[in-house]
Amino acid sequence: MTENTARSMTDEELHELAGKQVALGEIRGAPAADPVNIPMIRHWLTAMGDENPRYLEQGLAPPAMAQVWTMPGLRRGPRERSPVDDMMAALDGSGYTGVVATNCEQTYHRYVRVGELLTPATRFSGLVGPKRTALGVGYFATWNITWYTEDDEPVADMMFRVLKFRPPAKKEATEPYPLQPAVNQDTAFFWEGVDKGELRVQSCADCGELRHPPGPLCPRCRSTERAYRLAAGTGTLFSYVVHHYPPVPGREAPFVVGVVELPEGVRIVGNVVDCPVEEVRIGMPLRVTYRRMDDRLVLPMWAPA
Ligand code: ZN
């Protein structure tokens, strides 16, 4: 988001900068590249699966699109800096390079109509920290964006909070892997299988339907009676992303997160390993492999077959 050129600051200096950024108040950004328009609304509705005909018929933007209109895009040109940018750069420069969004609250004042041109205004609202979190020591930074029409009418507000954290140094093999799966009565059978080198797929004990991820109810017959079947451990890569950034504790980027289609008919998410990232291809045949992450956890992953 910002260039990592700032020098390292002490906690006191970070709070001092935060105070200055808060004092700047609301700073207007660049107006949207395009006025509110039907093609973008249509794409949004399709992507969201929203079939409400009212938006297109009446030329109204879905309120949750507020942020969409003024997104700078990947190739953003020079623009006014928001009071958030300097704070983020300072946190990066001080080693808090990890980032996760923790809160987002939007408030809509009215529908925005086709043809209206929105301009965002950002104010930095506060910095809290340093705090010890599961991801590492970090700061919570909060800012607010208000979108205005050309008549200076505010139409939507957003509060956004991120945790900027210092990624822990590479874990020793003896340290627990920080991202442990949530094991509960619906998923325990799966992890018990993984520990034995079995890939278990939940099935309905009444109608036999397979489902993954595991859940309490059969999507076909609504039965709560559960069983499982052993999968062959083969599959093909249905889709994937290459994770480069932000840093993930306990992992070394880049790594591949894939959706693997099993011949049994369900899809499962897992890392694709033992294959250079640039050689990963949709449709490639894969075979499950089990990786020990720490004393407790084994993860199923996928390697070229
Ligand atoms: Zn069933």
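The values are calculated or read from the model by the stated rules, or taken from the named source; none is laboratory data. None of these values were measured; they are calculated from a predicted model. Every residue, glycine among them, receives a Cβ derived from its backbone with ideal geometry; neighbour counts consider all protein chains shown.
Which ones in segment 282-291 are surrounded by 11 or more Cβ atoms within 10 Å (Cβ to Cβ) and under 25 Å from the mean Cα position of the chain (by Cα)?
Selection gives I282, R291.
Out of the residues in segment 239-253 that are at pLDDT 95 or above and surrounded by fewer than 15 Cβ atoms within 10 Å (Cβ to Cβ), state the one that is nearest to C204 (Cα to Cα).
Top of the filtered list is S239.
Can you name every residue in segment 191-218 that is in contact with a strand residue (DSSP E or B) (Cβ under 6 Å, 6 or more places away or on another chain) and either within 11 Å of the ligand (Cβ to nearest atom) or of a type in the set (A, V, I, L, M) (or both)?
V194, L199, V201, Q202, S203, A205, L210, R211, C218
Specify which of the listed residues (E252, E278) is free of Cβ contacts under 8 Å to residues at least 40 places away in the same chain and of a type in the set (D, E).
Residue meeting the stated conditions: E278.
Among the residues of segment 173-190 satisfying the criterion of being over 13 Å from L299 (Cβ atoms) and of a type in the set (S, T, Y), which is nearest to the ligand (Cβ to nearest atom)?
Only one residue tops the list, namely T187.
Any idea which of (1) under 26 Å from H15 (Cβ atoms); (2) without any contact (Cβ under 8 Å) to a residue 24 or more places away in the chain is the one D92 doesn't satisfy?
Failing condition for D92: (2).
Does R161 satisfy being more than 27 Å from A32 (Cα to Cα), of a type in the set (K, R), in a strand (DSSP E or B) and out of contact with any Leu (no Cβ under 9 Å at 6 or more places or on another chain)?
no
Restricting to segment 13-53, and then to whatever is among the basic types (K, R) and modelled with pLDDT of 95 or more, can you tell me which residue is nearest to V155 (Cα to Cα)?
R42
Of all residues being modelled with pLDDT under 90 and surrounded by 14 or more Cβ atoms within 10 Å (Cβ to Cβ) in segment 1-12, which is nearest to T142 (Cα to Cα)? Just the residue, please.
T2
So if I check each of T236, T224, T289, which one is within 16 Å of the ligand (Cβ to nearest atom) and either hydroxyl-bearing (S, T, Y) or out of contact with any Gly (no Cβ under 7 Å at 6 or more places or on another chain) (or both)?
The unique qualifying residue is T224.
Looking at V114, V100, which one is under 29 Å from L14 (Cβ atoms) and surrounded by fewer than 18 Cβ atoms within 10 Å (Cβ to Cβ)?
V100
List the number of the failed condition for V260; all other conditions in (1) within 30 Å of V99 (Cβ to Cβ); (2) within 16 Å of the ligand (Cβ to nearest atom); (3) hydrophobic (A, V, I, L, M, F, W, C) hold.
Tallying (1) within 30 Å of V99 (Cβ to Cβ); (2) within 16 Å of the ligand (Cβ to nearest atom); (3) hydrophobic (A, V, I, L, M, F, W, C), V260 fails exactly one: (2).
Output the number of the condition that P78 fails; it satisfies all remaining conditions of (1) of a type outside the set (F, W, Y); (2) at pLDDT 95 or above; (3) in a loop (DSSP other than H, G, I, E, B).
The failed condition is (2).
Could you look through segment 13-29, keep only residues that are closer than 10 Å to T122 by Cβ and of a type in the set (A, V, I, L, M), and pick out the one that is surrounded by the most Cβ atoms within 10 Å (Cβ to Cβ)?
In this case the residue turns out to be I27.
Answer with yes or no whether A232 is closer than 28 Å to D294 by Cβ, of a type in the set (G, A, S), in the same structural domain as V298 (by TED's automatic domain parsing) and at pLDDT below 95.
So A232 fails the test.
Considering V162, V137, V194, which residue is aliphatic (A, V, I, L, M) and modelled with pLDDT of 95 or more?
Selected residue: V162, the only one of V162, V137, V194 that is aliphatic (A, V, I, L, M) and modelled with pLDDT of 95 or more.
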